[in-house]
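Engineer: The structure follows.
What follows draws every value from the coordinates through simple rules; no lab data is involved. Source: prediction; values computed, not measured. Virtual Cβ from ideal backbone geometry, glycine too; neighbours counted across all protein chains shown.
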Amino acid sequence: MVGFYIKKAFFDGWDNLIVLIILNLGYVVLLGGLYLVVSSLQVSIVLGAAVLILWTFVMQTYNGAVSFFTFDFACYQRPGVREFLDYGKQAFRYVPLMSALTAGLLVMLLIVLPFYLAVPGFLSVLALSVIFWVTLFLSMSMMFYFPAAVQLKGNPPWKTFKKAMLIALDNLGFSLFLLIYTIINSVISIFTAFLVPGFASVLMSHQIALKLRLVKYDFLEENPDTPRKDIPWGALLMEEREKVGPRTLRGMIFPWKE
């Protein structure tokens, strides 16, 4: 399943490369806004914190719109500008909670973690252990938050995040892989000025991840006695495999010659 996930994420990204680059240009602008945060911190901690909160909210608003938008790519559709604006409106109700979660994560990593690293003793080691596991699980759950908002419709934000946590907990191995995959793609993006694969592709890959995992739950609902290790991923993903289809290097670069 993991191998097919990587293949689908790559080819969905390739098929929509130009649009994803355009979306990533928005992230380049937003990352440039971090300069304002740093400048504000030099003037005042309070002002800097206020600007950081505002920047986080704007970033998550854009993340929500992009995530909702790129789910269409995972479904082999080609949405346009109007759909992007509509998805932005739909995603907005989920933004405040995501912003709060992001702020909490930043506080743990930038303030709480350095504090306990500087304090010796057993209690500090215990606190660092708790911070590590909380940060890890929170990061894995947040990857499924916007995808759950799109694909498990009709839930308020807090219920959506609860479902995201349950999905992450029920798929710990895959969630850890997805987190590592996300980090690797984010690091690679640094060398391309965040244009390829970029954050838009990362958010699309999260949508693909949940889309494929939900197939498992549909199967288990119909076959509740099936052990998890016996889930027939090959059969369950047959339709998706047919849609992705066989690919060649020539077909990727010169599709009209295929």
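Engineer: Calculated FRET efficiency, residue 187 and residue 17, Cβ-Cβ r, R0 22 Å, to nearest 0.05?
Structural biologist: On the way: r = 19 Å, r/R0 = 0.88.
Approximately 0.70, to the nearest 0.05.
Engineer: Among 63, 33, 87, whose Cα projects farthest towards the positive end of the dipole of the chain, with charges put on the beta-carbon of Lys, Arg (+1) and Asp, Glu (-1)?
Structural biologist: 33
Engineer: If you don't mind, there's one more thing I want to ask. Just to check I understand the Karplus step: with θ = phi - 60° and J = 6.51 cos²θ - 1.76 cosθ + 1.60, what whole-Hz values come out for the stretch 63-68, glycine and proline as x?
Structural biologist: So the J values, rounded to whole Hz, are 4, x, 4, 5, 5, 4.
Engineer: By the gyration tensor of its Cα atoms, with a ≥ b ≥ c the square roots of the eigenvalues, what is the shape of the stretch 74-143: rounded for a/c under 1.5, prolate for a/b over b/c, or oblate?
Structural biologist: Values: a/c = 4.60, a/b = 3.05, b/c = 1.51.
It comes out prolate by the Cα gyration axes.
Engineer: Now a separate question. Add -39500 (n - 2.57) for each DSSP H run of 4 or more in the chain, then divide by its residues: what number comes out at 222 nm, to the nearest 500 deg cm²/dmol?
Structural biologist: Mean residue ellipticity, 222 nm, calculated: -25000 deg cm²/dmol.
Engineer: Rounded to the nearest Å, what's the spacing between the alpha carbon centres of the stretch 96-143 and the stretch 15-62? Just the number, please.
Structural biologist: Rounded to whole Å, the Cα centres lie 22 Å apart.
Engineer: Moving to a separate point now. May I ask you to derive the relative contact order of the stretch 2-257, considering only C-alpha pairs under 8 Å and at least 6 residues apart, and to give it as an integer percent?
Structural biologist: Once divided by the residue count of the stretch 2-257, the mean separation gives 25 percent.
Engineer: At a 10 Å Cβ-Cβ cut-off, how would you order 40, 67, 186, 129, fewest neighbours first?
Structural biologist: So the ranking, lowest neighbour count to highest, is 129, 186, 40, 67.
Engineer: Ok, one more. Per residue of the stretch 89-103, what does 6.51 cos²θ - 1.76 cosθ + 1.60 with θ = phi - 60° give for ³J(HN,Hα)? Whole Hz please, x for Gly and Pro, Karplus curve as stated.
Structural biologist: 5, 5, 6, 4, 5, 8, 5, x, 5, 5, 5, 5, 5, 5, 4
Engineer: Based on a Kirkwood Rh over C-alpha pairs, give the Stokes-Einstein translational diffusion coefficient of the chain at 25 °C and viscosity 0.890 mPa s in µm²/s.
Structural biologist: 123 µm²/s
Engineer: Working out 0.36 nm times the residue gap between residue 236 and residue 223, then minus their Cα-Cα distance, what length gain in nm do you get to one decimal?
Structural biologist: Result: 3.4 nm gained on full extension.
Engineer: Rank by packing, highest mean first: peptides 164-173, 141-150, with packing defined as the count of other Cβ atoms within 10 Å averaged across residues. Walk me through the numbers on the way to the answer.
Structural biologist: Values: 164-173: 16.4, 141-150: 24.7.
Highest-to-lowest ranking by the protection proxy: 141-150, 164-173.
Engineer: I've got another one for you. For residue 122 and residue 90, FRET efficiency with R0 = 41 Å and r from the beta-carbon atoms, rounded to 0.05?
Structural biologist: E between residue 90 and residue 122, to the nearest 0.05, is 0.30.
Engineer: While we're on this one: Which of the trypsin sites (Lys or Arg not before Pro) found in the stretch 137-221 are in a DSSP loop and have at most 15 neighbouring Cβ atoms, other than their own, within 10 Å?
Structural biologist: Loop-located and lightly packed - 153.
Engineer: Multiplying the sequence separation of residue 75 and residue 50 by 0.36 nm and subtracting their Cα-Cα distance, what value in nm do you get? If you can, show how the numbers build up before the last one.
Structural biologist: Numbers: separation 25, 0.36 × 25 = 9.00 nm, distance 3.84 nm.
5.2 nm is the gain from fully extending residue 75 to residue 50.
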